[in-house]
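Down below is the structure, laid out as structure tokens.
Just so you know, all these numbers are worked out from the coordinates, no wet-lab data involved. Predicted, not measured: the structure shown is a model, and the values here were computed from it. Don't worry about glycine lacking a Cβ; one is built from the backbone with ideal geometry, like all the others, and counts go over all protein chains shown.
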Amino acid sequence: MKLTTEQLFVKYMPHIRKWWFSIICLPFCWFLVHQYWMALKWEISFAWLYDHPLLLSPIFVMVDTFLLIIHEAGHTFFGFFGSRFIGILGGTLFEILLPFLIFIYGYWNRNRIVAQLGLLLTAFAWIESSAYAADAVARRMPLIGDLPKSAHDFYNLLIMQGILDHYMTVAWGMYWIGIITLIICLIWPLLEPENYEEVKLDIDL
């Protein structure tokens, strides 16, 4: 029996409601992964000069600006701890932590879209920061406020830890953490806890 358009709509609506956010995120995720793969593998300037498609470009700008504000706020907040290392690390740490807290909020409140958005932003923060780490030696990335090369976060962090020679290991590690987080974001509808309705039973014995 051939189903009508209305019947098909009713049949597949639960699947559409469950997966629509993952589907619309796919183009964004593809270009995010490709951009920073190119930056780490071939030329670091792809991190800030990549030519995004017209419709996606404003989204990348908004997300990048949002995370940049969080990054700078992290320097200020963690700077109160008095440690120069923590103050420098605080930018990247807060950039990753705040989106993850958005995920926790969505998870706790059983809100799929908020949870996925938090994971998407967390993945973006990890992947974007991987390019910052990959630039630790060359220090070609433009810094906010035209700061000198000596202010480069990952140059200072890796120098302090004595691992500057391993900057690409750090960068690729961050990149792949971001990729894993991105995959979790896209398949979250399969992983999220089921919403069970509480049923009250009054039994008279």
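I need L143, L119, L54 ordered by Cβ neighbour count within 10 Å, fewest first. Present the calculation step by step, with values, prior to reporting the outcome.
Details: L143 14, L119 24, L54 7.
In increasing order of surrounding Cβ atoms, one gets L54, L143, L119.
Subtracting the Cα-Cα distance from 0.36 nm times the residue separation, let me have the gained length for W30 to T4 in nm, one decimal. Mind dumping the intermediate values first?
On the way: separation 26, 0.36 × 26 = 9.36 nm, distance 3.47 nm.
Extra length available between W30 and T4 comes to 5.9 nm.
Once both labels are modelled 7 Å past Cα along the beta-carbon direction, what's the W42-W172 spacing in nm?
1.8 nm
Please identify the DSSP H helices in the chain that span no less than 20 Å along the helix axis (Cα) and have a mean Kyte-Doolittle hydropathy of 1.0 or more. Before the final figure, lay out each step's value.
Working: long enough: 5-41 (49 Å, 0.40); 57-79 (33 Å, 1.15); 84-108 (34 Å, 1.49); 112-134 (33 Å, 1.11); 167-186 (29 Å, 1.79).
For the chain, where a helix must reach 20 Å along its axis and average at least 1.0, the hits are 57-79, 84-108, 112-134, 167-186.
What value, in deg cm²/dmol to 500, does the helix sum -39500 (n - 2.57) over DSSP H runs of n ≥ 4 give at 222 nm once divided by the residues of the chain? Before the final figure, lay out each step's value.
Details: 8 runs with 145 residues, N = 205.
It comes out at -24000 deg cm²/dmol, rounded to the nearest 500.
Select from F80, F94, H166 the residue farthest towards the positive end of the dipole of the chain; place +1 on Cβ of Lys and Arg, -1 on Cβ of Asp and Glu, and compute about the Cα centre.
Final value for the positive-end residue is H166.
Mind sorting V170, V33 by how few other Cβ atoms lie within 10 Å of their own Cβ, fewest first? Kindly include the intermediate steps, with their values, before the conclusion.
On the way: V170 20, V33 16.
With the sparsest Cβ surroundings first, the list reads V33, V170.
List Y50, Y36 from most exposed to least, where exposure is judged by having the fewest other Cβ atoms within 10 Å. Write down the numbers at each step before the final one.
Values: Y50 16, Y36 27.
Final ranking by Cβ density, sparse to dense: Y50, Y36.
Hey, can you rank 148-155, 160-167 by average C-beta count inside 10 Å, highest first? List each step's numbers first, then the result.
Values: 148-155: 16.5, 160-167: 12.9.
Per-residue mean Cβ counts within 10 Å order the peptides as 148-155, 160-167.
Net charge around G87, counting only other residues with Cβ within less than 13 Å of its Cβ (Lys, Arg = +1; Asp, Glu = -1)? Display every interim value, and only then the final one.
Details: positive: R84; negative: E72, D153.
That sum, taken over residues with Cβ under 13 Å, equals -1.
First measure r as the distance between the Cβ atoms of W20 and T76, then evaluate 1/(1 + (r/R0)^6) with R0 = 35 Å and state the FRET efficiency to the nearest 0.05.
Numbers: r = 37 Å, r/R0 = 1.07.
Computed FRET efficiency for W20 and T76 comes out at 0.40.
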